[in-house]
Amino acid sequence: MPAFIQMGSEKHFSSLHTTLCATGGGAYKFEQDFRTMGDLELCKLDELDCLVKGVLYIDSVGFNGHSECYYYENPTDNERCQKLPFNLENPYPLLLVNIGSGVSILAVYSKDNYKRVTGTSLGGGTFFGLCCLLTGCSTFEEALEMASHGDSTKVDKLVRDIYGGDYERFGLPGWAVASSFGNMMSKEKRESVSKEDLARATLITITNNIGSIARMCALNENINRVVFVGNFLRINTISMRLLAYALDYWSKGQLKALFLEHE
Amino acid sequence: MAERGGRGSGHSSLDKSITLPPDEIFRNLENAKRFAIDIGGSLTKLAYYSTVQHKVARVRSFDHSGKDIENEPLYEISVQEEITARLHFIKFENTYIETCLDFIKDHLVNTETKVIKATGGGAYKFKDLIEKKLGLKVDKEDVMTCLIKGCNFVLRNIPHEVFAYQKDSDTEFRFQTNHPNIFPYLLVNIGSGVSIVKVESEDKFEWIGGSSIGGGTFWGLGALLTKTKKFDELLQLASKGQHTNVDMLVKDVYGGAYQTLGLSGNLIASSFGKSTTADKEFSKEDMAKSLLHMISNDIGQLACLYAKLHNLDKIYFGGFFIRGHPVTMRTITYSINFFSKGEVQALFLRHEGYLGAIGAFLKGAEQDNPNQYSWGENYAGSSGLMSTSPDVYPMQRTRSGTFDMLEMDRLERPLVNLPLLKDPSTYIPDTVDLTDDAMARKYWLTCFEEALDGVAKRAAASQPDSVDAQERAEKFRQKYWNKLQTLRQQPFAYGTLTVRSLLDTREHCLNEFNFPDPYSKVKQKENGIALKCFQSVIESLDSLDWEERQFALVKGLLAGNVFDWGAKAVSDVLESEPQFGFEEAKSKLQERPWLEDSYSQWLQRLKEGPPHKCALIFADNSGIDIILGVFPFVRELLSRGTEVILACNSGPALNDVTYSESLIVTERIAAMDPVIHSALRDEKLLLVQTGSSSPCLDLSRLDQGLAVLVRERQTDLVVIEGMGRAIHTNYYAVLRCESLKLAVIKNSWLADRLGGKIFSVIFKYEVPCK
C-alpha cells in the first residue's frame, strides 16, 4: 500500500505540476498540499472498503436473533407498511448503493471482488443544497422534517395532469411523476406552493432518480438485490419506503430493495 | 411528453394585427388537400399536403419524314404546366394561431377534407377554436406515435437530417450520412419529462423508460431558484454561469488523489452540494448552470444505461429542451460521451421540431401511401436550421424567427442506392465539406454570388415572350441572394454545405419562379449542331488504328467538358465551323501526363481484359459532350460487346442533357449509325433516367428503375464524367466494380487546390481491391 501511494503521488505530482506552475504556486507548497490530500484520499478509500466489508460482515452474523438487513412490505400503505428482516444467507452478487452527498453504485461479487459501476451527482447533497436554496432551511434534519409535511404533487406534474389519467399507450400510471417540478413552470402555481411542498418534491425527485439509476444498473449487471446505504437514508423513512416501492413497481417485482439497521 | 405549458397566458391577447405575406407562407393553400396540426406549449406546427402547379420544359421530336431538316430545329420545346405534390410545414408561435386559422379559412377553396389530424399537448386546448374557425373536425393522434412516424420519415427522406454536435470544433454541426437501414434506434424526447423509446421498425416501437427530470424540471426549478420566468432566458443565464461555485466536485470531497478511484477531480460529486448553507448567496447564473449540468448529466446517464441494456448505439434527442439550443445539445453530448465512454453517439435532427406534425400528417394520409414515395427537401421553400442564439447570429431573424417553413416535394419515382456502391452507409457524395472548410466556403459562396446576375439574366432571356420574365428573374435573384447570405452566416442551415447543395438550391430557386429550364434553347441548338458533325467524327475515329482510337475517344469525352458551351462566343464558333470547335476544345486539353492520370492502366485493361459485360454511363452536357464525346465512346464499347446503360437526368439542370432530350438525340444518331441502331433494337443500349435534377450526382439517391437495370445487366463498369458529377461529387466514391471518373477542371481556384492549372484533366480509372 505505501508503495502504491508513493507511485500514485509521483504520477500525480507530474500531472498537476503544470497546473500549479500556471497559477503561480510554488513547488514546495504543492508538495505539502499533496501530502495532505494523499492522507485524505487514503481515509476515503478505507471508508469505501469498510462499507463493503461491513455489509458482508452483517450478513455473516445475521442470525443473532436480530437481523441487520431488512426490507419493506407494503411500503406505500401507512397502515400496513412494515419492516421485515431479510436473510442474506448467500449475499452475492449484490448492488450496493451508497447515498452520501453524491451517490456511488458498487457491484459486489464476492468478499474481495467489487467494482464501482457508476455514480450520480444527484444525491443527499443535492437534496439538502436545493432545500436550502428553496426553503431557507439550515440543517438536513430540518429539510427532512419540512419534507415530511409537504405535498409533492402540487409541485410535480403527474402523468394524470397531462393525460387526464393513465397513459395507456405506454402503460404509465396516472400517479407517476411525468415532470419533476413541472408545475413550477406556471407562475400561478409557483405562488401557491409551500416550502414544505418544495422540500417534499426535492426529496421525491432525488429519491426516484436514485431508484431509477439503481434499477437500470441492476438490470445491466444482472443483479436482483439492491442494498441502499448512506447518510442520506438516516432517519429518512420517506426515501427508503419510496425506493422500496419504486424498485418493486418498475421492475414488476423482479428487484428487491434492502436496507441495513446499523449501517 | 411534448407538453410545454407555461406560456398559455397570452391566449386572450392574440395578436390579430399581423398581416401574413401569402407568397411566402401558407403557400399553395388553394389546393391544400389534407391538414395536420401539432400544438405544443408555445409553438404550433401546421402541415398540409398540396399540389403545386409549375412550369416544365418538354421536348418533343418533330416528324421529320420527307422534310428538309437542314434549317429546322432538332426538336420542339414547349413549356407546360405540371402538377406535383408538395408537403408544407409551417411553425409559428401559438399567439398567432387565430390569425393563421383565419388566413387558412380565407384561402382554402378547393379542399374536400373534413378532418384535421391533431397532436401535441395543446391540441385539447385549441380544439374548439380549430373546429369553429376551419369547420374541420379535430381528430386527435397520440403524441409519441406521431413523433416516431415523423422521425422515421425524415430519417428516410432528408439527406443530412442527422447531426452530432461539437461545440469546441470548427464544425459545430457534424452531419451524418443517411444509413440505408435506420433501425433500430433510441429516441429520447426531452419535453417537460423524458421519454425513452426504442424504435425497431416502421410500426414497431416501445416505450422502454423515462425520467421525470427533464425540461420541466429545468424550467420549473430554474424559475424558483432564479426568479427567471422564460425557458430561453434560463438557458441564457446558464450559459454565463460557473457551476463549480454551486456543485461539489470530486476533488472537493476526496482531496487530491481521486484518480485512484478512476474519477477525474473536476467531476461533479454532488450537484448543489456547495449550496448546503442558508447564509451564502449564489448567483442566478451559477445556479442555472449547475441545474443545467445536473439535468443533462442525469438524462445522458439514463439514456446510456437504456442504450446499453438494449444494445443500441444511436440515440436521437428531441423535445423542447433540445430544439436547436446549442447549450443543451452541448451538455447532452458531453454527458453521453462521458457515460458511454464514447461508445454511444448523441445525435440530433434538423427538423426535430416538425416530427409531431409530420407524423400526424402521415397518420391522416395513409391512403395516399406517402411512404411509397421518395421525397426531397425543397431548399427554396424551406427556412433551414437557424441558430436560436441571438448573440451568435443576430441577422435576419425577423420573419423567419416567427414563421419557419419546411417544404418537401414528392418525387416521381422512388430513389434508392446504386447497388454498386461499396459501402452505402459510409458513402459521402460530396468531395469538399464547405461547412468544415472555411476557405473553400468563402470562395464558393463568392463565386455563386458573382455568377448570380448572369444566371438571372439568362433565365429572363430564356423566356423572351413572357411579360413578367424580368420581374420573376429579379425575384429569383433576390431569393437566391438571400439564401447565400443565410449560408454565409449559418453554413449548416441545410445540412452539410457543399457545391452540390449550392447548385441544387439555385435550381430549386429557379423552379420556384417558373424558370424550369433556362438552357432549353441553347441545348436545342447545340444538339442540332453537334448532330451534324457526328458522322464525320465517327469517320475520322474509324480511320485511326485501335490504340490511337482509344486515346481519341477519351479525348473526345474530355473535350465536351472544356468550354462553357452556353457562352455566346462559343456557340458562334460552333455554328460556323462546328468541327473546328471540337478540335479546338481538344487542343485546349492539358497534355499527358494529366493531373490525375491512370489512362495507361485503362488502355491496358481494354487491351488485355475481357470486354465489360455492361457499362453504366452518367452523361453530363448536351450537345458536343453527349453527341461527339459520349456517343462515339458508347459505340466503341458496344462494338466490343459491352452493353451500355446511358443515364441522364430526369429534370433539367444547367445545360446538362435530360433523359427526354437523350431519347431524341439517340433516335437521330441511330438513324445515322448502324451500330447504335442495332444496339437500341436489341436492347444492348438502354436509356434510363437518374431520378435527379441536379448538376451533381448522389449515388445514394438514384431512380429505382436504374438500380434494377444495373443489377439485371450485371454492370461491371461505371463511367462518370464532368466536374459536377466526378469532381464536386464522387471523386472519392468507392464502387464494387471498375470505374472511370473523368473531367476537365474549368475553375482555376479548384485546379489550384488540386495542384493543377485550368483545363487540367482528371482521368481516374479505379479497380476495386479484391
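The values are calculated or read from the model by the stated rules, or taken from the named source; none is laboratory data. Keep in mind that this is a model prediction, so the values were computed, not measured. When we count neighbours, we look across all protein chains shown, and the Cβ atoms used for this are built from the backbone with ideal geometry, even at glycine. SASA here: full protein model, heavy atoms, side chains in, ligands and nucleic acids out. Shrake-Rupley method; radii C 1.70, N 1.55, O 1.52, S 1.80 Å.
Scan the stretch B:195-223 for residues that are out of contact with any Phe, Trp or Tyr (no Cβ under 8 Å at 6 or more places or on another chain), open to solvent by less than 10 Å² (accessible area, probe 1.4 Å) and either more than 9 Å from every other protein chain (Cβ to nearest Cβ) or free of Cβ contacts under 8 Å to residues at least 40 places away in the same chain (or both) and report the count.
Total meeting the criteria: 1.
Just one of B:Ala451, B:Ala440, B:Ala459 is under 29 Å from B:Thr51 (Cα atoms), of a type in the set (A, V, I, L, M, F, W, C) and either touching a residue at least 24 places away in the same chain (Cβ under 8 Å) or open to solvent by less than 60 Å² (accessible area, probe 1.4 Å) (or both); which is it?
After applying the criteria, what remains is B:Ala459.
Identify, from the list A:Gly174, A:Gly211, the residue that is more than 9 Å from every other protein chain (Cβ to nearest Cβ), modelled with pLDDT under 95 and more than 19 Å from B:Gly273 (Cβ to Cβ).
Unique residue meeting the criteria: A:Gly174.
Condition check: surrounded by 24 or more Cβ atoms within 10 Å (Cβ to Cβ), at the interface with chain A (Cβ under 8 Å from one of its Cβ atoms) and modelled with pLDDT under 95. Does B:Tyr254 satisfy that?
Criteria not met by B:Tyr254.
Could you check the stretch B:463-578 for helices (runs of 4 or more DSSP H) lying wholly inside it with 3 or more residues that are hydrophobic (A, V, I, L, M, F, W, C), at pLDDT below 95 and farther than 30 Å from B:Gly324 by Cα?
Because the criterion is at least 3 residues that are hydrophobic (A, V, I, L, M, F, W, C), at pLDDT below 95 and farther than 30 Å from B:Gly324 by Cα, the helices (runs of 4 or more DSSP H) in the stretch B:463-578 that meet it are B:520-542, B:546-559, B:568-576.
Take B:Arg725 and decide whether it is surrounded by fewer than 24 Cβ atoms within 10 Å (Cβ to Cβ) and charged (D, E, K, R).
So B:Arg725 fails the test.
Has the stretch A:82-95 got at least one residue that is within 14 Å of another protein chain (Cβ to nearest Cβ), touching a residue at least 12 places away in the same chain (Cβ under 8 Å), among the hydrophobic types (A, V, I, L, M, F, W, C) and in contact with a helix residue (DSSP H, G or I) (Cβ under 8 Å, 6 or more places away or on another chain)?
Yes: one or more hits.
Given the stretch B:146-244, what strands (runs of 3 or more DSSP E) lie entirely inside it while holding 2 or more residues that are modelled with pLDDT of 90 or more?
It comes to B:162-165, B:185-190, B:194-199, B:205-211.
Checking the structure you have, find out if any residue of the stretch B:97-111 is modelled with pLDDT of 85 or more, open to solvent by 50 Å² or more (accessible area, probe 1.4 Å) and at negative phi.
yes
Sort out which residues of the stretch A:206-219 are in contact with a strand residue (DSSP E or B) (Cβ under 8 Å, 6 or more places away or on another chain) and open to solvent by 10 Å² or more (accessible area, probe 1.4 Å), and write them in order of number.
A:Asn208, A:Ser212, A:Arg215
Among (1) modelled with pLDDT of 95 or more; (2) open to solvent by 30 Å² or more (accessible area, probe 1.4 Å), there is one condition B:Asp423 misses while meeting the rest; what is its number?
Only one criterion in (1) modelled with pLDDT of 95 or more; (2) open to solvent by 30 Å² or more (accessible area, probe 1.4 Å) is unmet by B:Asp423, namely (1).
Can you say whether A:Val155 is surrounded by 24 or more Cβ atoms within 10 Å (Cβ to Cβ), within 14 Å of another protein chain (Cβ to nearest Cβ), closer than 25 Å to B:Val194 by Cα and out of contact with any Ser or Thr (no Cβ under 6 Å at 6 or more places or on another chain), as far as the supplied structure shows?
For A:Val155, the condition - surrounded by 24 or more Cβ atoms within 10 Å (Cβ to Cβ), within 14 Å of another protein chain (Cβ to nearest Cβ), closer than 25 Å to B:Val194 by Cα and out of contact with any Ser or Thr (no Cβ under 6 Å at 6 or more places or on another chain) - is met.
Being open to solvent by 10 Å² or more (accessible area, probe 1.4 Å), more than 18 Å from B:Gly705 (Cβ to Cβ) and modelled with pLDDT of 95 or more is the filter here; which residues of the stretch B:634-663 pass it?
B:Arg635, B:Glu636, B:Leu638, B:Ser639, B:Arg640, B:Gly641
Counting only residues that are more than 17 Å from B:Cys146 (Cβ to Cβ) and open to solvent by less than 40 Å² (accessible area, probe 1.4 Å), which one in the stretch B:112-132 is nearest to the chain's Cα centre (by Cα)?
B:Thr113
With the stretch B:643-742 as the region, which strands (runs of 3 or more DSSP E) entirely inside it contain at least 3 residues that are farther than 22 Å from B:Pro611 by Cα?
By residue number, no strands (runs of 3 or more DSSP E) qualify.
So A:Tyr92 passes all but one of these: (1) more than 16 Å from the chain's Cα centre (by Cα); (2) within 28 Å of A:Thr139 (Cα to Cα). Which condition number does it fail?
(2)
Return the residue satisfying two criteria in turn: it lies in the stretch A:238-263 and is out of contact with any strand residue (DSSP E or B) (no Cβ under 9 Å at 6 or more places or on another chain) and farther than 19 Å from A:Pro173 by Cα, and of such residues it is surrounded by the most Cβ atoms within 10 Å (Cβ to Cβ).
A:Ile238
Consider B:Asn266 against the criteria (1) more than 9 Å from chain A (Cβ to nearest Cβ); (2) at pLDDT 95 or above: it satisfies all of them except one. Which criterion is unmet?
Here B:Asn266 clears every test but (2).
Exactly one condition in (1) within 20 Å of A:Thr120 (Cβ to Cβ); (2) open to solvent by less than 10 Å² (accessible area, probe 1.4 Å); (3) not charged (D, E, K, R) is not met by A:Ala178; state its number.
(1)
Confirm whether B:Asn311 is in contact (Cβ under 8 Å) with a residue 40 or more places away in the chain and farther than 25 Å from A:Ala178 by Cβ.
no
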